[in-house]
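Chemist: For reference, the structure I am asking about is given below.
Read the figures in this text as sums done on the coordinates, not as results from a lab. Everything quoted here is computed from the prediction, not taken from an experiment. In this analysis, Cβ positions are derived from the backbone assuming ideal geometry, glycine residues included, and neighbour counts consider all displayed protein chains.
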Amino acid sequence: MTFDAVSLVLLTVISAATPLLFAALGELVVEKSGVLNLGVEGMMIVGAVAAFAVASGTGSGSLGVAAGAVAGAALAFIFGVLTLTLAANQVATGLALTIFGLGLSSLIGAGYVGIPVPPLAKLAVPGISDLPLVGPLLFGHDALVYLSIVAVIAVAWFLKKSRAGMILRAVGESDISAHSIGYDVIAVRYRAVLFGGAMAGLGGAFLSLSYTPLWAEGMTAGRGWIALALVVFASWRPWRLLAGAYLFGGVTIAQLYTQSAGGLGIPAQVMSMLPYLATILVLTIIAAGPWKGRLNAPACLGKPFRPST
Amino acid sequence: MFKDLSRRRFLAGSTAAAGALALGGRTALGADPLKVGFVYVGPVGDFGWTHGHDLGRKAIEKEFGDKVKTTFVENVAEGPDAERVIRQLASSGNKLIFTTSFGFMNQTVKVAKQFPDVMFEHATGFKTAKNLSVYNARFYEGRAVIGTIAGHMTKTGKFGYIASFPIPEVVMGINAFILAARKVRPDAEIKVVWVNSWYDPGKEADATKALIDQGCDVITQHTDSPAPIQTAGSRGVLCFGQASDMTTFAPEQHATAILDVWGPYYVERVKAVLDGTWQTSNVWQGFKEGMVEMAPYNKNLPGEVVEAAESVRKGIIAGTLHPFTGPINDQSGAEKIPAGQTIPDGDLLGMDWYVEGVSA
């Protein structure tokens, strides 16, 4: 492979990893606060359709992206009301949210099938974007790709260094203790859930405006579920999440490239199992290897909190 | 058959009691609309395969108005789940049920056995029964047309094919495409990428990128979303729509599309049920009957290329050209079909080997 070919492959990997990264990063923060929202797929697809509808109505990609985030957050708000205020079961509510989101998005999107939308503008730095290999790789993306990387840095800093981040982690590790020293557990969790929804919405917006700039029903095609797995895969750490998203995107893309290059004699079905095999393998290594005990799941994950007044 | 059945019930009623007679009479008059059910593998908004079937369903509604009532269930997974959906449709009073994907075959056969007075129509399968018909379109005829265009337009001689699952239908399409292309460009080859899904826009787009990166300058697909068209369009690569006219996604590069036209067949079958003349059948129709059509050719295609494509289409309609006419070599280069012979329909429907020029 030439340099050019390598950079083309890497470009594809980056675009495959970005929606996963957005959605998984949002979910990571949600889970760190002790809430398990299985509705990522639903929030993503509602974000995708909202972004597409607004971008095609106004002609503005940035408004579309904003609409995607708002729509994802709106769906997350429903989840919040049900699980945080009304203390409903988080697993069941999350699953319902996914199914609801898929249905709602088809309803909203019915009028947008078969309409193209101009893709998000790519960053183009004169002179630099045209450099071989490095140019398109580092300077040839749309703003969302850079935003996803910035978001990883921001979330990592927030969780580790900021006071609000520490409160959020405390709420996720021991809601009762946090409550008894005077933190508003429900309010913290609401913010986390809304953030998670907005991030899933951004992931969806990336899908419908940049990855494949079109609206098609069910276009998230299970990426929300992969994002959920990635959070565990990364053992709730933002930097590992970044690596995981790119690894996952990379394995998916690599199998398509090896297929078209002749397949190396491996059946296509085996190739498409690879990303999932990799997930299982890494999970097993983390859980059973010398790093045992560092799996690091928030202690209150999935448990409803009822303040005893 | 439907009418006979009602009449039998009518007669049985008349011998029993006057009240039953009146009831039976009302059924026989058909005051209730005929309920027609559809099982779709994808969403109606896929702009491809399922979209095409749903247009057929709408054609029924338009033709028969309130004499029929149609229902559809979309996004039904191929496999055991489908059986539940089909049975549900049958037991809720649908008298004619269309199951529109190959993978619904065994489930349809099973439910058809349990509901002998419900009529079933299964698309692209090969198992029939007294109350189960199969119908299919000769998409390979369309593939021969686009293969001809591809052969004329390619510079690199490499084509990219985004494929779903290695079933005969898909294998046949790949073969028809490359056979037609190699008539124009004898050294042409085709690279196949299996995405193992009928519908995953993101993955289809990635596969398209992979193929273009490896030198393919024509992209065609046997998956249902317009994502490959859009990706090919954005890279300036020639492509062909699948099941619907997808020009809007690549106005300059979308050469043409193979269109599935199910409406006339659906209308005909519903009419047969209403008239009581429905019988099990096994049809495989193409350009000639109008079940397969080509979308308008792109204005960017040179006139002589359009002419060559049209002559293939017209030859197929006239019966002077069969896309699977020998000599045909298999992948290893050995002759499989001798010169002058064509592959019979039965063998095509079970096709499990690739012709020369395919790397899959």
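Chemist: Which ³J(HN,Hα) values in Hz, rounded to whole numbers, follow from the phi angles of the stretch B:47-63 under the Karplus curve 6.51 cos²θ - 1.76 cosθ + 1.60, where θ = phi - 60° and Gly and Pro get x?
Modeler: For the stretch B:47-63, the Karplus curve yields 6, x, 3, 5, 3, x, 5, 5, 4, x, 5, 5, 4, 4, 4, 5, 6 Hz.
Chemist: Please name which of B:Q88, B:F139, B:A123 has its Cα lying farthest along the dipole of chain B towards the positive end, using unit charges on Cβ (Lys, Arg +1; Asp, Glu -1) and the Cα centre as origin.
Modeler: The listed residue farthest towards the positive side: B:Q88.
Chemist: Based on DSSP, what percent of beta bridges with both residues in chain B are antiparallel, to the nearest 5?
Modeler: Antiparallel: roughly 15 percent of the beta bridges in chain B.
Chemist: Here's something else I'd like to know. Taking springs between alpha-carbon atoms closer than 10 angstrom, which of A:L168, A:L138, A:L159 fluctuates most in the Gaussian network model of chain A?
Modeler: The residue with the greatest mean-square fluctuation here is A:L138.
Chemist: Kindly write out, for the stretch A:111-118 in residue order, the coupling ³J(HN,Hα) from the Karplus curve 6.51 cos²θ - 1.76 cosθ + 1.60 (θ = phi - 60°), rounded to whole Hz, with x marking Gly and Pro.
Modeler: x, 10, 5, x, 9, x, 10, x
Chemist: May I pose another question? In debye, nearest 20: dipole of the stretch A:8-221 around its Cα centre with unit charges on the Cβ of K, R (+) and D, E (-)? Present the calculation step by step, with values, prior to reporting the outcome.
Modeler: Values: 8 positive and 9 negative charges, 86 e Å.
Dipole about the Cα centre, nearest 20: 420 debye.
Chemist: What average count of beta carbons from other chains do you get within 10 Å of the Cβ of residues in B:153-165? Intermediate values should be presented prior to the final figure.
Modeler: Working: counts 0, 0, 0, 0, 0, 1, 0, 1, 1, 2, 2, 0, 2.
Taking all residues of B:153-165 together, the mean is 1.
Chemist: Report the relative contact order of chain A, percent, no decimals, based on alpha-carbon pairs under 8 angstrom and at least 6 residues apart.
Modeler: 36 percent
Chemist: In the protein assembly as shown, with Lys and Arg counted as +1 and Asp and Glu as -1 at Cβ, which of these residues, B:Y161, B:V267, A:A243, has the Cα nearest the positive end of the dipole, that is, farthest along it?
Modeler: Among B:Y161, B:V267, A:A243, the one farthest towards the positive end of the dipole of the protein assembly as shown is A:A243.
Chemist: Still on this structure, I have one more. Per residue of B:36-46, count partner chain C-beta atoms within 10 Å of its C-beta, then hand back the mean as an integer.
Modeler: Numbers: counts 0, 0, 0, 0, 0, 0, 3, 8, 4, 13, 6.
Across the residues of B:36-46, the mean count of other-chain Cβ atoms within 10 Å is 3.
Chemist: Could you work out the local net charge near A:M166, counting Lys and Arg as +1, Asp and Glu as -1, over the other residues with Cβ closer than 11 Å to its Cβ?
Modeler: On the way: positive: A:K32, A:K160, A:K161, A:R163, A:R169; negative: A:E173.
For residues surrounding A:M166, the net value is +4.
Chemist: Given A:I108, A:H141, A:M166, which one lies farthest toward the positive end of the charge dipole of the stretch A:8-221, if we put +1 on the Cβ of every Lys and Arg and -1 on the Cβ of every Asp and Glu?
Modeler: Toward the positive end, the furthest listed residue is A:M166.
Chemist: Taking every residue in A:250-257, how many Cβ atoms of other protein chains lie within 10 Å of its Cβ, on average? Provide the component values of the computation, followed by the final result.
Modeler: On the way: counts 0, 0, 3, 5, 1, 7, 13, 8.
Mean shielding count: 5.
Chemist: Can you list the residues, at least 5 places off or on another chain, whose amide H is less than 5 Å from the amide H of B:W262, using H built in the peptide plane?
Modeler: B:G56
Chemist: Which order do the peptides B:216-223, A:94-101 take when ranked by the mean count of other beta-carbon atoms within 10 Å per residue, highest first?
Modeler: On the way: B:216-223: 27.1, A:94-101: 20.2.
Final packing ranking: B:216-223, A:94-101.
Chemist: Can I ask one more? For the residues B:H254, B:H122, B:H322, what sequence is obtained by ranking on other C-beta atoms within 10 Å, fewest first?
Modeler: Working: B:H254 26, B:H122 29, B:H322 15.
Starting with the residue having the fewest Cβ neighbours, the order is B:H322, B:H254, B:H122.
Chemist: Also: So how do A:41-53, A:80-92 stack up, highest first, on mean other-Cβ count within 10 Å? All intermediate terms of the calculation are to be shown ahead of the outcome.
Modeler: Details: A:41-53: 32.0, A:80-92: 16.3.
The peptides rank, most packed first, as A:41-53, A:80-92.
Chemist: Students often check this: by mean Cβ neighbours within 10 Å, which of B:285-292, A:61-68 ranks highest, and how do the rest follow? Provide the component values of the computation, followed by the final result.
Modeler: Values: B:285-292: 18.5, A:61-68: 22.4.
The packing order, highest mean first, is A:61-68, B:285-292.
Chemist: Please report the base-10 log of the normalised intensity I(q)/I(0) for the stretch A:8-221, using a Debye sum with one equal scatterer per alpha carbon and no solvent, at each q in 0.14 (1/Å).
Modeler: Each listed q corresponds, in turn, to -0.82.
Chemist: Just add up the charged neighbours of A:G224: K/R +1, D/E -1, any other residue whose Cβ is under 13 Å from the Cβ of A:G224. Kindly include the intermediate steps, with their values, before the conclusion.
Modeler: Values: positive: A:R223; negative: A:E27, A:E41.
Once all neighbours under 13 Å are counted, the net charge is -1.
Chemist: Now for a different question. In debye, nearest 20, what is the charge dipole magnitude of the stretch A:154-240 about its Cα centre with +1 on Lys and Arg Cβ and -1 on Asp and Glu Cβ, if you could check?
Modeler: Working: 9 positive and 4 negative charges, 77 e Å.
So the magnitude is around 360 debye.
Chemist: Relative contact order (percent) for chain B, with alpha-carbon contacts under 8 angstrom and 6 or more residues of separation?
Modeler: Details: 763 pairs, mean separation 62.2, N = 360.
Answer for chain B is 17 percent.
Chemist: When the helices in chain B are scored as -39500 (n - 2.57) per DSSP H run of 4 or longer and the sum is shared across all residues, what 222 nm value do you end up with, to the nearest 500 deg cm²/dmol? Could you put the intermediate results ahead of the total?
Modeler: Details: 12 runs with 152 residues, N = 360.
Taking each H run of at least 4 residues, the total per residue is -13500 deg cm²/dmol.
Chemist: Too long at a 26 Å Cα-Cα cut-off: which of B:K67/B:K127; B:K203/B:K288; B:K113/B:K271; B:K35/B:K127? Walk me through the intermediate numbers first.
Modeler: On the way: B:K67/B:K127 30 Å; B:K203/B:K288 35 Å; B:K113/B:K271 23 Å; B:K35/B:K127 24 Å.
In this structure, B:K67/B:K127; B:K203/B:K288 exceed 26 Å between Cα atoms.
Chemist: Enumerate the amide H contacts of B:G241 below 5 Å, restricted to partners 5 or more residues apart or on another chain; note that Pro and chain-start residues carry no placed amide H.
Modeler: B:M246, B:A255, B:T256, B:A257, B:I258
Chemist: With viscosity set to 1.567 mPa s and temperature to 4 °C, compute the Stokes-Einstein D of the stretch B:140-241, Rh being the Kirkwood radius across alpha carbon pairs; µm²/s, no decimals. Can you show the working numbers first?
Modeler: On the way: Rh = 13.0 Å.
Reported coefficient: 100 µm²/s.
Chemist: Further question on the same structure: Ordered by residue, what ³J(HN,Hα) values in Hz, to whole numbers, does the stretch B:122-128 give under the Karplus form 6.51 cos²θ - 1.76 cosθ + 1.60, where θ = phi - 60° and Gly and Pro are x?
Modeler: Values, residue by residue: 10, 7, 6, x, 9, 9, 10 Hz.
Chemist: Based on Cα coordinates alone, diagonalise the gyration tensor for the stretch B:248-360, multiply each eigenvalue by 5, take square roots, and list the semi-axes in whole Å, largest first. Present the calculation step by step, with values, prior to reporting the outcome.
Modeler: On the way: eigenvalues 172, 122, 38 Å².
In descending order, the three semi-axes are 29, 25, 14 Å.
Chemist: Here's something else I'd like to know. Which value results for Rg/Rh of the protein assembly as shown when Rg is the Cα radius of gyration and Rh the Kirkwood radius based on the inverse mean 1/r? Working shown, then result.
Modeler: Numbers: Rg = 27.6 Å, Rh = 27.0 Å.
My calculation of the ratio gives 1.02.
Chemist: Next up: Charges only on Cβ, +1 for Lys and Arg, -1 for Asp and Glu: so what's the dipole of the stretch B:30-182 about the Cα centre, in debye to the nearest 20?
Modeler: On the way: 18 positive and 14 negative charges, 71 e Å.
Dipole about the Cα centre, nearest 20: 340 debye.
Chemist: What nm distance separates the two modelled labels at B:A129 and B:K336, each placed 7 Å from Cα along Cα→Cβ?
Modeler: Distance between label points: 3.3 nm.
Chemist: Enumerate the amide H contacts of B:S133 below 5 Å, restricted to partners 5 or more residues apart or on another chain; note that Pro and chain-start residues carry no placed amide H.
Modeler: Sorted by chain and number, the residues that satisfy this are B:F120, B:E121, B:H122, B:S281.
Chemist: Tell me what chain A gives for mean residue ellipticity at 222 nm when only DSSP H runs of n ≥ 4 count, each as -39,500 (n - 2.57), the sum divided by the residue total, rounded to 500 deg cm²/dmol.
Modeler: Working: 12 runs with 208 residues, N = 309.
About -22500 deg cm²/dmol.
Chemist: Distances over 39 Å make up what percent of all Cα-Cα pairs in chain B?
Modeler: Tail fraction, whole percent: 21.
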